[in-house]
1. In a GNM of the chain with a 10 Å cut-off on Cα contacts, which of Leu34, Leu62, Leu14 has the highest mean-square fluctuation?
2. So how strong a dipole does the chain carry about its Cα centre when Lys and Arg Cβ are +1 and Asp and Glu Cβ are -1, to the nearest 20 debye?
3. Just name one of Val19, Ala57, Ile82: the one whose Cα is farthest towards the positive end of the charge dipole of the chain (beta-carbon charges, Lys/Arg +1, Asp/Glu -1).
4. Pop out the ³J(HN,Hα) list for the stretch 69-76 in order, Karplus 6.51 cos²θ - 1.76 cosθ + 1.60 with θ = phi - 60°, rounded to Hz; leave Gly and Pro as x.
5. Helix-only estimate, please: 222 nm mean residue ellipticity of the chain, summing -39500 (n - 2.57) across DSSP H runs of length 4 or more and dividing by its residues, to the nearest 500.
6. So if the hydrodynamic radius of the chain is defined as the Kirkwood radius over C-alpha pairs, what does Stokes-Einstein give as its diffusion coefficient at 25 °C and 0.890 mPa s, in µm² per second?
7. Label Val4 and Ala71 with points 7 Å out from Cα along Cα→Cβ: what is the distance between them in nm?
Amino acid sequence: MIVVLDGVIGLCALASSYVWWLASRQRLRRISRLEELDAADMNRLVTVLNRTQILNARAALLASATAALAALRIGLQAVRDI
């Protein structure tokens, strides 16, 4: 069971890293102070911000699951060593 738990912890950590990497790739276009924003520009900005926020939330959830599984694994190992 410990070996399976270690594998799941590794996969969750890898998935979390991948999702955070995806979130970091969302780039916003630089805007000049002289440029006039229209509705399409605002829509693009909001869309990118929303996508980044969703990806960051998923990555944080995966990181939390990884930490919980790691704590479970440490607890099981401690009980097993007694």
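Throughout, read-outs are computed from the coordinates displayed, never taken from laboratory work. Computed from a predicted structure; not experimentally measured. Don't worry about glycine lacking a Cβ; one is built from the backbone with ideal geometry, like all the others, and counts go over all protein chains shown.
1. Greatest mean-square fluctuation among the candidates belongs to Leu34.
2. Here the chain has a charge dipole of around 120 debye.
3. In the chain, that residue is Val19.
4. Rounded to whole hertz, the list is 5, 5, 5, 4, 5, 5, x, 4.
5. Result for the chain: -29500 deg cm²/dmol, rounded to the nearest 500.
6. 160
7. 2.2
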